[in-house]
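Participant: What follows is a structure written as structure tokens; I'll ask about it next.
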Amino acid sequence: MSDTPLLGIGSRVKHPAFGAGVVIRLRAVAYEICFMQYGIKEVGKNYQNLEVIEHIPPRESVSFSEAEKSLIRILRTWSDITEEIPLGDRWQDGKLIIQSADAAIKSKEIPIETFFHKIVMVRDRLRVMEQRINASKNLSDEEKVNLQQYITRIYGSLTTFNVLFKYKEDSFVGEKSN
């Protein structure tokens with residue numbers, strides 16, 4: 001990104017760890033970027049691995065309401081999207097069997113595709129919830145951060161199901177230890 005001119009508010013970018021995002025504020029040495037999955041993060045202007053998807057030149061001053069309108073437009077465009085996520089090949093045409101230790105209780109069989117679809121729906125709805133939290137006018141920044149931490153912990157609780165995903169980048173990711 002060293003050859004890329006300064007980004008303005010509304011520029012769309014892709015970060016290798018945080019995914020797709022939009023520049024919402026310029027600081028002296030960093031951009032504030034709202035990432036669809038991870039909320040608002042600061043990224044240094046000299047960060048080399050930030051891919052620019054759509055460059056918008058910076059203006060001398062942008063009002064908060066202009067930035068907010070841009071962010072709302074972007075969130076509306078991308079929210080409630082249900083992705084087509086492939087199930088790992090080894091699970092195709094498989095079934096999930098739920099069996100009680102009590103022999104009197106009949107076991108339950110569910111096609112693995114049905115179970116997988118429900119897991120993907122949970123993930124998609126968590127992402128939409130996170131987007132709505134980030135866009136909320138009624139929550140303070142501290143409340144947003146606290147709620148985002150809960151969502152991150154929920155993702156961490158769901159990592160058991162990562163074995164079902166065909167591609168690693170579709171997996172659930174919880175808190176990372178540094």
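Participant: Which of Lys69/Lys118; Lys69/Lys144; Lys14/Lys118 have a Cα-Cα distance over 24 Å? Before the final figure, lay out each step's value.
Facilitator: Details: Lys69/Lys118 33 Å; Lys69/Lys144 19 Å; Lys14/Lys118 27 Å.
Checking Cα-Cα distances, Lys69/Lys118; Lys14/Lys118 exceed 24 Å.
Participant: Take Asp170, Asp102 and order them by how many other Cβ atoms sit within 10 Å, fewest up front. If you can, show how the numbers build up before the last one.
Facilitator: Values: Asp170 16, Asp102 6.
The most exposed by this proxy come first: Asp102, Asp170.
Participant: Sorted from fewest to most neighbouring beta carbons within 10 Å, what does the list Asp124, Asp89 look like?
Facilitator: Working: Asp124 16, Asp89 7.
Lowest count first: Asp89, Asp124.
Participant: Report the dimensions of region 89-170 along its three principal axes from the alpha-carbon atoms, largest first, rounded to Å.
Facilitator: For region 89-170, the Cα extents along the three principal axes come out at 51, 32, 16 Å.
Participant: Order these peptides, 159-167, 129-137, by their mean beta-carbon neighbour count within 10 angstrom, highest first. Each step should come with its number before you reach the end.
Facilitator: Numbers: 159-167: 14.1, 129-137: 16.3.
Listed from highest to lowest mean packing, they are 129-137, 159-167.
Participant: Just grab the label-to-label distance for Ile98 and Ile110, each label 7 Å out from Cα along the Cβ direction, in nm (one decimal).
Facilitator: Going from the Ile98 label point to the Ile110 one covers 0.5 nm.
Participant: Now for a different question. Quote to one decimal, in nm, the extra length available between Lys45 and Val145 on full extension: 0.36 nm per residue of separation minus the C-alpha distance between them. Please report the intermediate quantities before stating the final value.
Facilitator: Values: separation 100, 0.36 × 100 = 36.00 nm, distance 2.30 nm.
Extra length from Lys45 to Val145 when fully extended: 33.7 nm.
Taken together, the values in this text are just the output of simple stated rules run on the coordinates, not laboratory data. Owing to the predicted nature of the structure, the values given are computational and were not obtained by experimental measurement. Here the Cβ is made from the backbone with ideal geometry for all residues, glycine too, and neighbour counts use every protein chain on show.
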